[in-house]
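Chemist: Quick one: structure below, then a few questions.
What follows draws every value from the coordinates through simple rules; no lab data is involved. Just so it is clear, the model here is predicted, and its values are computed rather than measured. Ideal geometry is used to build each Cβ from the backbone, glycine not excepted, and the neighbour counts take in all protein chains shown.
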Amino acid sequence: MMAGAAMPRFRLVELTAGDPVAEFVKDVTSGLTAEPKHLSCRYFYDSEGSRLFAAICELPEYYLTRAETEILERHARDIASLFQGDVTVIELGSGNAVKTRLLLEALLSPHPTLSPQGRGLGEGGRRVRYVPIDICRPVMEESAADLLQRFPLLEIVAVAAEYHEGLRHLRSECDRPRLILWLGSSIGNFTRAEATTFLRRIQGTMTPLDRMLVGVDLRKDRAALEAAYDDAAGVTAAFNLNLLTRINHELNGNFDLSAFQHRAIYNQDLGRIEMYLVSTRVQSVTIGRIGLTVRFAAGETIHTENSYKYTPAEIHAVAAAAGLQDQCFWQDAAGRYNLHLLTTRTDSVKT
Ligand code: AVJ
């Protein structure tokens with residue numbers, strides 16, 4: 001029988017959690033009536049926000065994506081060679097999965113240590129299943145179509161879900177060793193305590209054969225960090241302001257976008273970039289769908305995002321608290337960004 005002939009190469013699993021509009025209403029209401037005001041960065045990613053984020057990744061100031069790609073280009077084969085046979089690659093927050101392509105390519109390319117019986121499967125003598133987990137279904141479907149075309153033997157199970165529901169699916173993907181990807185400095189949106197809790201939940205699903213690859217942006221000088229989040233072309237400003245556009249469109253708001261400014265500051269004590277929208281004058285904003293009027297003082301802020309930066313020691317500490325240990329880590333040539341390969345600690349394996 002031909003490998004893969006009996007199974008469809010693409011499946012989509014949708015795990016929706018409640019009513020997304022109701023969630024948005026609830027979060028906007030609580031965030032804009034709070035003191036100080038805040039909005040959640042998870043609402044950045046409507047189709048316009050996803051487009052702007054992709055543009056951010058190309059900016060000269062936003063080094064994170066390039067640094068991570070550089071590391072993956074250099075080390076994808078080393079990572080692939082850690083796995084002997086069939087493997088499932090699970091990606092949390094896959095986005096457009098460009099970087100993942102490098103890893104899939106390495107996993108599917110000829111592998112010197114595999115026996116000749118392997119031929120007839122992937123070129124590399126193994127089957128690879130890719131399981132992207134992302135809230136943005138259209139982007140995921142588009143990148144899946146591209147990957148299926150590039151890699152004729154790849155199987156894809158796309159999971160349209162938030163991280164938390166996605167984690168439940170993680171437990172059911174357990175027939176082979178797994179490589180779990182959490183790339184792009186996504187960990188940065190979590191506080192260090194939240195990151196620990198989240199990693200601990202993943203660790204709870206891991207066997208000693210599984211590996212987790214986490215991309216982490218490093219603490220560095222203020223100027224480089226603030227420029228990465230406040231670029232000269234104003235793309236990050238547009239990305240931040242798009243939150244207000246979304247409220248205007250989806251919740252019938254009347255935010256005057258010309259009366260808010262983007263601000264990104266590095267809070268060195270907490271080791272995080274903080275993004276704000278700053279009201280340039282006294283103003284009132286009405287959000288029709290909620291029946292809410294929000295007053296702003298001149299200079300008043302809405303806190304929209306935190307992006308945590310780490311030292312290698314801080315990464316180690318968070319991983320250790322989650323029951324994970326560094327098998328190894330790689331850094332880009334300029335020393336701005338780390339990719340950590342984590343394993344479940346043998347002393348914390350659950351039986
Ligand atoms: C997608 C969370 C990794 O924090 O660097 C980029 C989001 N915000 N520019 C980051 C973001 C402003 C990004 N993450």
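Chemist: Got a sec? How would 28, 278 order by Cβ neighbour count within 10 Å, fewest to most?
Modeler: Details: 28 24, 278 15.
Ranked by crowding around the Cβ, least crowded first: 278, 28.
Chemist: Looking only at 242, 189, 252, which one moves most when the chain is put into a Gaussian network model with springs between Cα atoms under 10 Å?
Modeler: Among 242, 189, 252, the largest mean-square fluctuation in the Gaussian network model of the chain belongs to 252.
Chemist: With axes computed from alpha carbons, what is the tilt in degrees of helix 312-321 against the longest principal axis of the chain, rounded to the nearest 10 within 0 to 90?
Modeler: Its long axis makes an angle of about 80 degrees.
Chemist: Out of all DSSP beta bridges with both ends in the chain, state the antiparallel percent to the nearest 5. Walk me through the numbers on the way to the answer.
Modeler: Values: 34 of 60 bridges.
If I count the DSSP bridges inside the chain, around 55 percent turn out antiparallel.
Chemist: Rounding to the nearest 10 and keeping the result within 0 to 90°, find how far the Cα-based axis of helix 235-251 lies from the longest principal axis of the chain.
Modeler: 70
Chemist: Among 241, 208, 303, flag the residue with its Cα farthest along the positive direction of the charge dipole of the chain, charges on Cβ as +1 for Lys/Arg and -1 for Asp/Glu.
Modeler: Farthest along the dipole direction, towards plus: 208.
Chemist: When the helices in the chain are scored as -39500 (n - 2.57) per DSSP H run of 4 or longer and the sum is shared across all residues, what 222 nm value do you end up with, to the nearest 500 deg cm²/dmol? Intermediate values should be presented prior to the final figure.
Modeler: On the way: 10 runs with 122 residues, N = 351.
Calculated at 222 nm, the ellipticity per residue is -11000 deg cm²/dmol.
Chemist: Can you tell me the length gained on complete extension of the stretch residue 54 to residue 150, counting 0.36 nm per residue apart and subtracting the Cα distance?
Modeler: Here the segment from residue 54 to residue 150 would lengthen by 32.4 nm.
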